[in-house]
Amino acid sequence: MTATNNTKFVKMNPIRNKTDLRDSFRLRQTICSLIEKQPIALFGTSRSETFSIIESYSRALRVPFFLPTLTRETTAGNNNFIISMCPSFIEAVIDIINYFNWDRIFYLFDTDDALWRLQKLYQAFSNRIVDGRKQQFLIDAIRIPDVSNCREILRKLDRNYNFNTKRIVVDLYSIKDYDKFMSQIIDVGMNRDGYHYLLGTLDINGMNRDLWKSFTYGGVNITGFQLVKATHRHRTLIDLLEVDQQPSIEVALTVDAVAVLTTALVKISKDDSDLLSFRRGDFYLHMECSSDPIKSLPHGHKILEYILNVTKEGLSGKIAFDEIGNRKGYTLSIFHLSYRAPIQKVGYWEHGKGLKDIVLMSDRETEEEKPRNRTRIVTTIKNEPFVQLKKTDNGKPWIGNERFEGYCIDMMKKVGELANITYTLKLVNDSEYGSKENGSWNGLIGELMTGEADIALASLTITHQREEAVYFTKPYMNTGISIMIKKPEREKPGVFSFMDPLSLQVWGLIIGGFFAVSFILYMVGRFSPYEWQDEDTDADTAPSDTFSFINTLWFSLGALMQQGPDIFPRSLSGRVLASAWWFFTLITISSYTANLAAFLTFEKLTTPINSVDDLVKQSNLKYGIQKSGATYQFFESSRVPIYRQMFTVMEDAIPSVYVDSPEEGWKRVINERHTYAFLLESSSNNFYNQRKPCKTMKVGRNLDQKGYGLAMPKYSDLTSKLNIAVLELREKGFLHKLEEKWWYSKGECGNADGSDKGKNALNLSNVSGIFHILIGGLVLAMIISLSQIAFHAKIKANYPKDVLAVNSRLSNHNHDYPSVRYTHPMAKRVIIDTPPVITCTTSNGGEPHLIEFEDDNHGDKIISLDDDIT
Ligand code: GLU
């Protein structure tokens with residue numbers, strides 16, 4: 001814009017130059033060619049393609065740059081030569097959000113400039129305090145790449161977010177864009193109850209009026225602003241622009257900009273005409289764009305100051321600027337549309353003062369009314385025994401909430417009664433508990449965040465990350481990460497386990513003691529005269545020694561076996577020794593007996609792994625966890641070195657050690673025999689260890705302590721109700737009973753640890769060793785006996801005549817000596833070692849008779865009987 005001074009007025013001459021805005025080189029050339037014409041001010045748009053170039057020229061040349069379009073919310077300092085004609089609406093939006101007390105909004109925008117406003121919103125609500133408490137404020141910012149075709153985005157927003165009311169702040173570039181946007185809202189069917197749009201336009205009256213009809217009966221709320229007053233505008237425009245139609249806000253603001261510039265120049269030419277030099281009646285400003293350095297407007301700052309000091313009433317109301325060229329002191333009319341109430345002015349907002357004379361706002365009331373009787377959506381995930389599908393009843397499938405059963409389902413029934421809510425159960429779409437990926441939550445938590453569900457009912461672990469996103473009740477069950485391994489095979493007592501009560505060393509010493517005692521007793525018996533005993537009163541007969549070596553062994557063995565031997569020592573020394581041995585055997589046998597039962601029934605259970613340290617130290621047993629759950633988050637975010645090390649090992653493992661569910665992990669532990677350990681929460685660990693085939697067990701202590709809670713969106717109206725219900729159920733023992741019901745009464749493996757402690761009876765395998773000994777003894781005795789018979793028969797065969805002769809001769813005298821015993825070994829001995837005379841004892845107590853044996857010279861034995869016998 002150039003200007004001509006005519007002392008009374010200033011005439012503006014617009015210069016227009018068309019250029020390709022996408023070509024920045026051309027744009028620069030165009031700007032330079034304009035500058036050569038010495039413009040007094042530049043007019044442009046805040047479109048990002050051109051803004052920064054024009055702005056940098058205006059700054060370098062110190063030429064005021066009027067922006068009649070939507071403000072950029074620029075934060076540039078005093079070097080800025082921009083004069084924003086369009087007031088900011090973001091402060092008004094903030095005040096309206098506060099008025100409605102919204103805690104979550106969608107921010108739909110189409111230009112980079114909107115990001116400035118979004119940032120202001122974040123700043124305004126980042127530390128929001130309500131009733132003395134910090135209140136979280138959530139903004140879902142969604143960029144619309146093409147406003148002419150945004151139905152898909154709208155549809156997604158409609159379907160994915162299940163809120164009572166979705167509050168959508170719309171920030172588009174031009175009034176035409178708002179028209180396009182609102183007509184697509186109608187196409188998608190989002191012009192109904194449950195939506196509140198806050199339009200960032202400053203010309204809501206300039207929007208296509210025909211559209212409003214489609215919003216009047218859907219129950220939707222729409223709030224927007226109007227900067228230019230319609231009546232005022234109409235009159236002024238006819239005067240100034242000689243047009244008969246309502247101008248757009250850009251036109252009105254351009255008119256105001258020209259008016260501001262004119263006012264400033266008139267003031268300069270009156271008060272400070274030296275600031276501008278004239279050449280043939282035109283201002284000559286000495287600017288040169290192509291010189292190096294470029295020549296700027298000599299008194300640019302002064303001129304800018306005059307402009308910023310202009311205060312006047314324009315088409316856009318009161319015009320005044322702050323020191324960085326933004327509008328101040330302006331007023332926005334607030335318009336509102338709601339069910340059966342057409343779009344109408346409901347109050348206004350004044351810059352620096354806030355909302356005034358507001359007479360709406362239905363949104364607040366309806367919002368509080370709505371939730372009370374609504375059926376809540378409860379999202380859940382299958383995980384036995386918390387939530388599982390009920391088996392079909394005689395082929396009849398279950399429907400609705402009846403499809404599910406389990407600990408959580410029973411609990412929710414009670415919670416629903418206590419909190420007085422009705423609900424519908426649904427399974428989570430992606431079968432995940434919830435983890436944050438690329439900044440957004442999936443699973444149960446994600447569904448709460450998007451409003452798809454009102455409550456998450458599951459074995460959902462309370463973690464600090466999740467607590468930041470949603471609200472948890474107090475824990476309804478405590479748990480912690482624990483280790484599941486396959487039960488080691490039990491070591492059955494061996495055949496010779498009766499030897500176990502004493503160590504081999506002790507057995508060796510007992511045997512040694514046995515021989516030592518026997519030997520010493522034998523010696524005592526041999527040498528102690530008090531041990532000798534007369535066998536015969538006959539003076540010729542030598543005294544007999546009872547403690548022969550064999551006898552002493554028999555004596556010691558009898559004492560050891562706690563049996564009474566038939567011989568006892570008579571000498572003091574022998575008795576002392578025997579007493580010591582008896583005492584020794586008494587204590588030994590008592591100790592042995594005391595331990596024996598325990599050793600025979602004890603089945604050793606040696607587990608290879610007892611803690612995470614054991615897991616880390618070895619490499620044969622792989623270990624894994626459920627992916628994308630709290631356990632994964634625990635290892636991923638842990639700073640404890642051992643857990644970090646475990647996480648790295650798990651991440652690097654090929655094939656993967658991660659599983660999708662605890663059930664899959666449990667099956668893997670069973671099937672991958674002793675090569676896979678599973679880390680899972682103790683509640684599930686205990687449950688699966690109670691399931692057939694009862695092959696798994698929990699080892700070691702829990703790695704951490706945490707709990708499961710019901711979750712709901714932040715600021716849900718149910719928070720305190722559900723919390724109180726859960727606490728009540730816990731305190732009254734209802735949850736404890738449920739745990740008994742779903743874990744232990746349905747258990748399939750006996751005791752909680754899966755062992756059969758009750759059965760202590762000794763079975764054959766426990767005692768088979770002693771049977772082996774017994775059978776061995778029997779067999780040995782029979783062998784000895786048979787060999788003796790055979791031996792005896794052989795001797796008999798060698799001396800048939802003699803023996804027969806003796807026998808027959810003895811038998812001939814049966815009447816006198818009815819049962820004379822004749823044993824051949826004795827005879828042999830007699831022949832070799834002793835005089836050939838032995839005493840034969842008669843069983844009837846008669847006098848013994850001598851039988852004489854003679855050696856013939858051939859080594860054969862000849863038996864001659866005593867004459868008495870013959
Ligand atoms: N309860 C866990 C969660 O809420 C899932 C199981 C696990 O991670 O071990 O994510």
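The values are calculated or read from the model by the stated rules, or taken from the named source; none is laboratory data. Just so you know, these numbers come straight off a predicted model, no measurement behind them. Virtual Cβ from ideal backbone geometry, glycine too; neighbours counted across all protein chains shown.
Could you count how many residues in region 198-248 are in a helix (DSSP H, G or I) and modelled with pLDDT under 55?
Residues meeting the conditions: 12.
State yes or no: is GLU447 farther than 17 Å from TYR476 by Cβ, away from the ligand (no atom under 12 Å from the Cβ) and among the charged types (D, E, K, R)?
For GLU447, the condition - farther than 17 Å from TYR476 by Cβ, away from the ligand (no atom under 12 Å from the Cβ) and among the charged types (D, E, K, R) - is met.
Of all residues in region 382-399 being away from the ligand (no atom under 16 Å from the Cβ) and basic (Lys, Arg), which is modelled with the highest pLDDT?
LYS390
Only one of these conditions is not met by ASN442: (1) within 16 Å of the ligand (Cβ to nearest atom); (2) out of contact with any helix residue (DSSP H, G or I) (no Cβ under 8 Å at 6 or more places or on another chain); (3) under 30 Å from GLU672 (Cα atoms). Which number is it?
ASN442 satisfies every listed condition except (3).
Which ranges mark the helices (runs of 4 or more DSSP H) fully within region 589-679 that have 2 or more residues being under 23 Å from SER435 (Cα atoms) and touching a residue at least 60 places away in the same chain (Cβ under 8 Å)?
Ranges flagged: 630-637, 662-671.
Within region 293-332, count every residue that is basic (Lys, Arg), touching a strand residue (DSSP E or B) at 6+ places or on another chain (Cβ under 7 Å) and outside any strand (DSSP E or B).
Number satisfying all stated conditions: 1.
Taking region 690-712, which residues are outside any loop (DSSP other than H, G, I, E, B), within 12 Å of the ligand (Cβ to nearest atom) and under 22 Å from TYR643 (Cβ atoms)?
LYS706, GLY707, TYR708
Pairs under 9 Å by beta carbon, first residue more than 14 Å from MET85 (Cβ to Cβ) and of a type in the set (Lys, Arg) in region 318-335, partner at pLDDT below 90 and part of a loop (DSSP other than H, G, I, E, B), six or more apart or different chains?
If the second residue must be at pLDDT below 90 and part of a loop (DSSP other than H, G, I, E, B), no pairs are left.
Of all residues in region 441-455, which are under 15 Å from the mean Cα position of the chain (by Cα), part of a strand (DSSP E or B) and buried (at least 24 other Cβ atoms within 10 Å of the Cβ)?
Within region 441-455, no residue meets the criteria.
Which members of region 630-676 meet the condition of being under 23 Å from LYS382 (Cα atoms) and either more than 16 Å from the ligand (Cβ to nearest atom) or at pLDDT below 90 (or both)?
ILE670, ASN671
Scan region 471-482 residue by residue and report those that are away from the ligand (no atom under 12 Å from the Cβ) and in contact with a helix residue (DSSP H, G or I) (Cβ under 7 Å, 6 or more places away or on another chain).
TYR471, THR473, LYS474, TYR476
If we keep just the residues of region 456-473 that are touching a Leu at 6+ places or on another chain (Cβ under 9 Å) and in a loop (DSSP other than H, G, I, E, B), which is surrounded by the most Cβ atoms within 10 Å (Cβ to Cβ)?
Per the stated criteria, the residue is LEU460.
Out of curiosity, is SER682 under 23 Å from CYS694 (Cβ atoms) and in contact with a Gly (Cβ under 6 Å, 6 or more places away or on another chain)?
Spelling it out, SER682 is indeed under 23 Å from CYS694 (Cβ atoms) and in contact with a Gly (Cβ under 6 Å, 6 or more places away or on another chain).
Given the conditions (1) away from the ligand (no atom under 12 Å from the Cβ); (2) in a loop (DSSP other than H, G, I, E, B); (3) surrounded by 20 or more Cβ atoms within 10 Å (Cβ to Cβ); (4) not acidic (Asp, Glu), and given that ASN429 satisfies all but one, which numbered condition is not satisfied?
(3)
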